[in-house]
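S.K.: Could you have a look at this structure, given as structure tokens, before my questions?
The values are calculated or read from the model by the stated rules, or taken from the named source; none is laboratory data. Predicted, not measured: the structure shown is a model, and the values here were computed from it. Here the Cβ positions follow ideal geometry from the backbone for every residue, glycine too, while neighbour counts run over all protein chains shown. These area figures cover heavy atoms from the full protein model, side chains too; ligands, DNA and RNA do not enter into them. Shrake-Rupley method; radii C 1.70, N 1.55, O 1.52, S 1.80 Å.
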Amino acid sequence: MKILITGTAGFIGFHLAKRLLERGDEVVGLDNINDYYDVNLKYARLNELGISQRKIKDNILVPSSVYPRHKFIKTNLEDRENINTLFESARFDALCNLAAQAGVRYSLENPHVYIQSNIVGFMNILEACRQNGIKNLSYASSSSVYGLNESQPFQTSDYADHPISLYAATKKSNELMAHTYSHLYGISTTGLRFFTAYGPWGRPDMAPMLFADAILNDREIKIFNHGKMSRDFTYIDDIIDGIIKVIDNPARANEHFDTNNPDPSISSAPYKIYNMGNSAPVNLMNFIEILEKTLGKKAKKKLVDMQPGDIESTYADTNDFASDFGYKPHTELLKGISEFVKWYKEFYKRAKS
């Protein structure tokens, strides 16, 4: 299968590309390599995929030196002309859209970036799929869409109409846009609401990396809502297993869809929404304690108020995913954190040498 993965310089996109290449798929990776966080980490991920930083030029396909069936292109999703050119020339069988402007807190400071990347960019993806006959689209949504909903565990059948950050609003918009294209043009679309992905090669703006860096460098860590928060931490390998099952099994129209009592996660069109979580929320203070033990060092903690746009607790109901695919995440937090810490120490030791 020939697959386009957007966001391959990112955390999840990198791991997905690597796994698909290892099983023999042909992969074209796309990323704009923006400076939302350290670009050196992004280039290091690409280097693992055989893409040399010195060979990367805007809008030019670069072949991998490691994987013969891999090429990479640096471009923006919002660049409609270049997106269309890529789709017309490559003829993809499937697309997994993981590229987006990420981060709840950053959306408070730079809202326009989210509209351009997450709304305009996703529109270009949908149109390119329509114009080029691509019928298999999976894409990243987020647990943030649940917003003010306090009924837990979060179920995809719940209505998610009260987002509390612009980031969440753009992700919910993606789901609605995807449904429209599924209904009008028969494109199979599957939205994946990720719940706090973590592991090796993770994002520096997320808790595991922020806390590990601060602890090892004797800096204070901010603990929001005075520690009264919990997250459904989901290990990256489990997430990749789930994404691949979705790519291999495009969404289908649901014959049980009831127009008088519509479930927002299914449709009479080939459309589906899944939670991608561990179904085991962990209190933030417990998470920090496990991280301290794994690092062998205590954290300097500063308890602060809740950050605007944050959700106090996330907890994924994944029964529909388990039912459809016979799969549930299996990586325990201690093992996942151990693998993350091992990578973290090795990577940043090399970076400093």
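S.K.: What single numbered condition from (1) more than 18 Å from the chain's Cα centre (by Cα); (2) among the acidic types (Asp, Glu); (3) farther than 16 Å from VAL246 by Cα fails to hold for ASP38?
M.R.: It fails just one condition, (1).
S.K.: Follow-up. For a quick check of your reading: which helices (runs of 4 or more DSSP H) sit entirely within region 61-148 and have at least 1 residues that are free of Cβ contacts under 8 Å to residues at least 40 places away in the same chain and aliphatic (A, V, I, L, M)?
M.R.: On the way: elements: 80-90, 106-109, 111-114, 121-131.
Result: 111-114.
S.K.: Looking at region 303-353, which of its residues are under 16 Å from LYS245 (Cβ atoms), in a loop (DSSP other than H, G, I, E, B) and open to solvent by 90 Å² or more (accessible area, probe 1.4 Å)?
M.R.: If the condition is that a residue be under 16 Å from LYS245 (Cβ atoms), in a loop (DSSP other than H, G, I, E, B) and open to solvent by 90 Å² or more (accessible area, probe 1.4 Å), then LYS328, HIS330 are the ones that fit.
S.K.: I need the full set of residues from region 170-193 which are open to solvent by 20 Å² or more (accessible area, probe 1.4 Å) and touching a residue at least 60 places away in the same chain (Cβ under 8 Å), in order please.
M.R.: From region 170-193, those open to solvent by 20 Å² or more (accessible area, probe 1.4 Å) are 172-173, 176-177, 179-181, 183-186; that's our starting set.
Those that are open to solvent by 20 Å² or more (accessible area, probe 1.4 Å) and touching a residue at least 60 places away in the same chain (Cβ under 8 Å): HIS179, HIS183, GLY186.
S.K.: Further question: Working only within region 133-156, note down all residues that are surrounded by fewer than 17 Cβ atoms within 10 Å (Cβ to Cβ) and at pLDDT 95 or above.
M.R.: Of everything in region 133-156, just one residue is surrounded by fewer than 17 Cβ atoms within 10 Å (Cβ to Cβ) and at pLDDT 95 or above, namely GLY133.
S.K.: Please name all residue pairs, on different chains or six or more residues apart, with Cβ atoms under 8 Å, provided the first residue is in region 22-35 and is farther than 10 Å from TYR67 by Cα and the second residue is aromatic (Phe, Trp, Tyr) and part of a strand (DSSP E or B).
M.R.: Within 8 Å, the pairs are VAL28/PHE72; GLY29/PHE72; LEU30/PHE72; ASP31/PHE72.
S.K.: Could you list, in sequence order, all residues of region 158-168 that are under 21 Å from ASP317 (Cα atoms) and open to solvent by less than 30 Å² (accessible area, probe 1.4 Å)? Walk me through it before giving the result.
M.R.: Looking only at region 158-168, we keep the residues that are under 21 Å from ASP317 (Cα atoms), and these are 158-164, 168.
Hits for region 158-168 are ALA160, ALA168.
S.K.: Hey, can you tell me all the residues within region 194-214 that are among the charged types (D, E, K, R), surrounded by fewer than 20 Cβ atoms within 10 Å (Cβ to Cβ) and touching a helix residue (DSSP H, G or I) at 6+ places or on another chain (Cβ under 6 Å)? Steps first, please.
M.R.: Narrowing region 194-214 to residues among the charged types (D, E, K, R): 203, 205, 213.
With surrounded by fewer than 20 Cβ atoms within 10 Å (Cβ to Cβ) added as a condition, the list becomes 205, 213.
Scanning region 194-214 gives no hits.
S.K.: Among the residues of region 1-48, write down those that are over 20 Å from ASN84 (Cβ atoms), of a type outside the set (Phe, Trp, Tyr) and part of a loop (DSSP other than H, G, I, E, B).
M.R.: MET1, ALA9, GLY10, ARG23, GLY24, ASP25, ILE33, ASN34, ASP35, ASP38 - these are the residues of region 1-48 that are over 20 Å from ASN84 (Cβ atoms), of a type outside the set (Phe, Trp, Tyr) and part of a loop (DSSP other than H, G, I, E, B).
S.K.: Being of a type in the set (Gly, Ala, Ser) and open to solvent by less than 10 Å² (accessible area, probe 1.4 Å) is the filter here, so list the residues in region 29-55 that pass it. Full working, then the answer.
M.R.: Pass one, region 29-55, residues of a type in the set (Gly, Ala, Ser): 29, 44, 50, 52.
Listed by number, the residues that qualify are GLY29, GLY50.
The rows are residues; the columns are (1) outside any helix (DSSP H, G or I); (2) open to solvent by 50 Å² or more (accessible area, probe 1.4 Å); (3) among the aliphatic types (A, V, I, L, M).
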site	(1), (2), (3)
ASP241	no, no, no
ILE244	no, no, yes
ALA253	yes, yes, yes
HIS256	yes, yes, no
ILE266	yes, no, yes
LYS272	yes, no, no
ASN278	yes, no, no
ASN286	no, yes, no
GLU289	no, yes, no
